[in-house]
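Notes to accompany the following structure.
The values are calculated or read from the model by the stated rules, or taken from the named source; none is laboratory data. Values in this document were obtained by computation on a predicted structure and should not be read as measured data. Because the Cβ atoms are built from the backbone with ideal geometry, glycine has one as well, and the counts that use them run over all protein chains shown.
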Amino acid sequence: MQKKIVLIGGPGTGKSTVLNELQQRDFYCMPEVSREVTLEAQKKGIQQLFLTDPLLFSKMLLEGRERQYKEAGKHSADLVFFDRGLPDVYAYMEYTKDPYPDYFKEKCNEYVYDHVFLFKPWEQIYISDNERYESFEESKEIDLFLQKAYRELGYRIIDVPFGSIDERVNFILNWLKLNA
């Protein structure tokens, strides 16, 4: 039975770096969709779609994450790692206080993950770039909304300790092995 594992946390917490390492170790991984959506919008002249039209951006993210979830289910891998999940979209909409359709939350109940690993804000590794416009303070606030959304949906959240990339990856893999 395939296990779907989602890595969550505010911007700049090390999720993508850990996901890349998991991929290097031959695990099946689904990358973050928001960078792809942001880059597509920038090609069309919209610098920050999330800031310009948060609802459209979020709909595109939800669709992309749903597509990834379905694609993962067709793969033979025992473990699939996701850089963010569908509930992240709902959490971000709550964070921005923008109205959103009910189906955003309904989709979160339709596509369920087996384990949720949280990467807490870590100032030492935080870097902003062209696709990550949030400050470290905003990353901390987003972290709270993510935790609230996932807990509200019934998930148990496993905190990933600070450490090297190898230490973080090994923590996740060891936890999964012990809790198989």
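In segment 125-133, the count of residues that are surrounded by 19 or more Cβ atoms within 10 Å (Cβ to Cβ) and not in a helix (DSSP H, G or I) is zero. Scanning segment 86-93 turns up at least one residue that is under 28 Å from Q24 (Cβ atoms) and in contact (Cβ under 8 Å) with a residue 40 or more places away in the chain.
Conditions (1) modelled with pLDDT of 95 or more; (2) surrounded by 14 or more Cβ atoms within 10 Å (Cβ to Cβ); (3) among the aliphatic types (A, V, I, L, M); (4) in contact with a Gly (Cβ under 7 Å, 6 or more places away or on another chain), marked per residue:
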site: G73; (1), (2), (3), (4): no, no, no, no
site: Y103; (1), (2), (3), (4): no, no, no, no
site: E137; (1), (2), (3), (4): no, no, no, no
site: Y150; (1), (2), (3), (4): yes, yes, no, no
site: L176; (1), (2), (3), (4): yes, yes, yes, no
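Exactly one residue out of P54, P31 is surrounded by fewer than 21 Cβ atoms within 10 Å (Cβ to Cβ), more than 30 Å from G163 (Cα to Cα) and touching a helix residue (DSSP H, G or I) at 6+ places or on another chain (Cβ under 9 Å), and it is P54. The residue list R67, R84 contains one member that is under 15 Å from the mean Cα position of the chain (by Cα), within 17 Å of V33 (Cβ to Cβ) and surrounded by fewer than 18 Cβ atoms within 10 Å (Cβ to Cβ), which is R67. Taking segment 78-96 as the range and being closer than 18 Å to P11 by Cβ and charged (D, E, K, R) as the test, the residues that pass are D83, R84, D88, E94. Among the residues here, F145 does not qualify as closer than 18 Å to Q2 by Cα, of a type in the set (F, W, Y) and either in a strand (DSSP E or B) or in contact with an Asp or Glu (Cβ under 6 Å, 6 or more places away or on another chain) (or both).
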